[in-house]
(Lines give C-alpha, C1' and ligand atoms only; values in the text may rest on other atoms or scores of the structure.)
Protein backbone atom coordinates (compact mmCIF):
# COMPACT_ATOMS: atom_id res chain seq x y z
CA UNK A 1 0.00 0.00 0.00
CA UNK A 2 2.84 2.37 0.81
CA UNK A 3 4.41 1.79 -2.62
CA UNK A 4 1.14 2.74 -4.33
CA UNK A 5 1.14 6.13 -2.58
CA UNK A 6 4.78 6.58 -3.48
CA UNK A 7 4.11 5.76 -7.16
CA UNK A 8 1.21 8.20 -7.29
CA UNK A 9 2.72 11.07 -5.29
CA UNK A 10 6.24 11.06 -6.76
CA UNK A 11 5.27 12.33 -10.27
CA UNK A 12 2.96 14.92 -8.71
CA UNK A 13 5.73 16.22 -6.45
CA UNK A 14 8.18 16.32 -9.38
CA UNK A 15 5.73 18.35 -11.49
CA UNK A 16 5.12 20.79 -8.62
CA UNK A 17 8.87 21.29 -8.12
CA UNK A 18 9.29 21.91 -11.87
CA UNK A 19 6.50 24.50 -11.92
CA UNK A 20 7.88 26.27 -8.84
CA UNK A 21 11.36 26.29 -10.40
CA UNK A 22 10.11 27.81 -13.64
CA UNK A 23 8.51 30.72 -11.80
CA UNK A 24 11.55 31.23 -9.60
CA UNK A 25 13.91 31.66 -12.56
CA UNK A 26 12.12 34.36 -14.55
CA UNK A 27 14.48 36.91 -16.11
CA UNK A 28 14.49 40.35 -14.51
CA UNK A 29 13.54 43.40 -16.54
CA UNK A 30 16.30 45.67 -17.77
CA UNK A 31 16.38 48.84 -15.78
CA UNK A 32 17.52 52.18 -17.03
CA UNK A 33 20.86 53.10 -15.58
CA UNK A 34 21.84 56.53 -14.39
CA UNK A 35 23.06 59.31 -16.63
CA UNK A 36 26.17 58.68 -18.68
CA UNK A 37 28.46 61.23 -20.21
CA UNK A 38 28.17 61.33 -23.97
CA UNK A 39 30.84 62.94 -26.12
CA UNK A 40 30.59 64.66 -29.48
CA UNK A 41 32.94 66.69 -31.58
CA UNK A 42 32.29 69.69 -33.76
CA UNK A 43 35.37 69.04 -35.90
CA UNK A 44 37.38 66.04 -37.11
CA UNK A 45 40.52 66.63 -34.99
CA UNK A 46 38.69 66.52 -31.65
CA UNK A 47 35.88 63.94 -31.89
CA UNK A 48 35.30 63.82 -28.11
CA UNK A 49 35.67 67.49 -27.25
CA UNK A 50 32.22 68.30 -25.87
CA UNK A 51 29.96 66.47 -23.43
CA UNK A 52 26.23 65.80 -23.09
CA UNK A 53 24.11 63.75 -20.66
CA UNK A 54 22.73 60.48 -22.03
CA UNK A 55 20.96 57.45 -20.52
CA UNK A 56 21.34 53.86 -21.76
CA UNK A 57 19.50 51.65 -22.66
CA UNK A 58 16.87 53.47 -24.62
CA UNK A 59 15.18 53.71 -27.99
CA UNK A 60 16.53 56.96 -29.43
CA UNK A 61 20.20 57.64 -30.08
CA UNK A 62 21.61 60.34 -27.83
CA UNK A 63 22.14 63.63 -29.66
CA UNK A 64 23.26 67.14 -28.80
CA UNK A 65 22.61 70.44 -30.54
CA UNK A 66 25.50 72.86 -30.80
CA UNK A 67 25.62 75.91 -33.04
CA UNK A 68 22.34 74.95 -34.68
CA UNK A 69 23.61 71.53 -35.77
CA UNK A 70 22.70 68.13 -34.31
CA UNK A 71 25.54 65.77 -33.35
CA UNK A 72 25.37 62.10 -32.34
CA UNK A 73 26.84 61.43 -28.90
CA UNK A 74 29.10 58.48 -28.17
CA UNK A 75 30.53 57.13 -24.94
CA UNK A 76 33.98 55.92 -24.00
CA UNK A 77 34.61 52.25 -23.27
CA UNK A 78 37.38 53.27 -20.87
CA UNK A 79 37.54 56.74 -19.27
CA UNK A 80 41.16 57.09 -20.45
CA UNK A 81 40.31 56.47 -24.13
CA UNK A 82 40.82 59.25 -26.63
CA UNK A 83 38.16 57.92 -29.02
CA UNK A 84 34.42 57.62 -28.47
CA UNK A 85 32.83 54.54 -30.04
CA UNK A 86 30.15 53.38 -27.59
CA UNK A 87 26.65 54.18 -28.89
CA UNK A 88 24.48 55.84 -26.25
CA UNK A 89 20.69 56.17 -26.21
CA UNK A 90 17.92 58.16 -24.57
CA UNK A 91 14.64 56.68 -23.32
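Enumerate the strands (runs of 3 or more DSSP E) found wholly within the range 25-71, keeping only those where 2 or more residues are under 16 Å from the mean Cα position of the chain (by Cα) and at pLDDT 70 or above.
35-40, 50-55
Assess whether residue 84 counts as being crowded, with 18+ Cβ neighbours inside 10 Å, touching a residue at least 12 places away in the same chain (Cβ under 8 Å) and part of a loop (DSSP other than H, G, I, E, B).
Yes; evaluated as a whole, the condition is true for this residue.
The values are calculated or read from the model by the stated rules, or taken from the named source; none is laboratory data. Since this is a predicted model, take the numbers as computed values, not measurements. For neighbour counting, all protein chains shown are included, and Cβ atoms are generated from backbone atoms with ideal geometry for every residue, glycine included.
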